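The structure appears below as C-alpha cells.
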Amino acid sequence: MINRIWHGWTTPDNADTYETLLKEEIFVGIENMHIPGFRGIQLLRRDIGQEVEFVTIMRFDSLEAVAAFAGEDYEVAYVPAKAREVLARFDERSQHYEIRAERDQSHEKSS
C-alpha cells in the first residue's frame, strides 16, 4: 500500500472556500475517475496563523496505481486550476511512502 502525501497553503479568508472545493468537486472528480488501485483520500487542515495548511493523503495499492492517476512522472502534484486560484502556495511534487505497518485500535474488545 502506498500513501501519496501533498501539502497546500492558503489564507484564512480562502480556507473554507478551498476545503469546500476539495470535498465537493476535486475529491468527487478523483473518485469518478475509477482508478484501479485507488483506495481513498484523507484531508487534514491546520491553522498556522497567517496561513491555513492542508494535507491530502491518498491511498493506492501500488506505485503503478499512482501512475495510473498521476501519469508517468507520478510525483507531479495534481492541482486543478480552480485550486490554484485560492492557494497561496503548494508542493509542486507529492511524496510517496510505502505503508510498512498499521495498527487499528477502533475495535472494541469483548469481555
- Query: Using r as the Cβ-Cβ distance of H96 and E24, and R0 as 25 Å, what FRET efficiency do you calculate, to the nearest 0.05?
  - Reply: 0.45
- Between the stretch 33-47 and the stretch 50-84, what is the C-alpha centre distance in whole Å? 9 Å
- Query: Check A88: other-chain or 5+ apart residues with amide H under 5 Å from its amide H, H built from backbone geometry?
  - Reply: W9, T10, T11
- Query: Looking at the chain, which longest stretch skips every one of the trypsin sites (Lys or Arg not before Pro) that is in a DSSP loop with at most 14 other Cβ atoms within 10 Å, leaving the sites themselves out?
  - Reply: 1-99
- Work out, step by step, the length gained on full extension between R89 and Q42: first 0.36 nm times the residue separation, then minus their alpha carbon distance; give nm to one decimal. 15.0 nm
- Item | Extension reserve of the V79-L63 stretch, reckoned as 0.36 nm per residue once the Cα distance is removed | 3.8 nm
- In debye to the nearest 20, the charge dipole size for the stretch 1-100, taken about the Cα centre with +1 at each Lys and Arg Cβ and -1 at each Asp and Glu Cβ, equals 220 debye
- Message: For q values of 0.11, 0.13, 0.18, 0.24 Å⁻¹, compute log₁₀ I(q)/I(0) with the Debye formula on a Cα-only model of the stretch 2-98, without solvent.
- Response: -0.30, -0.42, -0.80, -1.33
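We did not get these values from a lab; they are worked out from the coordinates using the rules stated. Everything numeric in this text was worked out from a predicted model, so none of it was measured. Note that each Cβ is placed from the backbone with ideal geometry, even for glycine, and that neighbours are counted across all protein chains shown.
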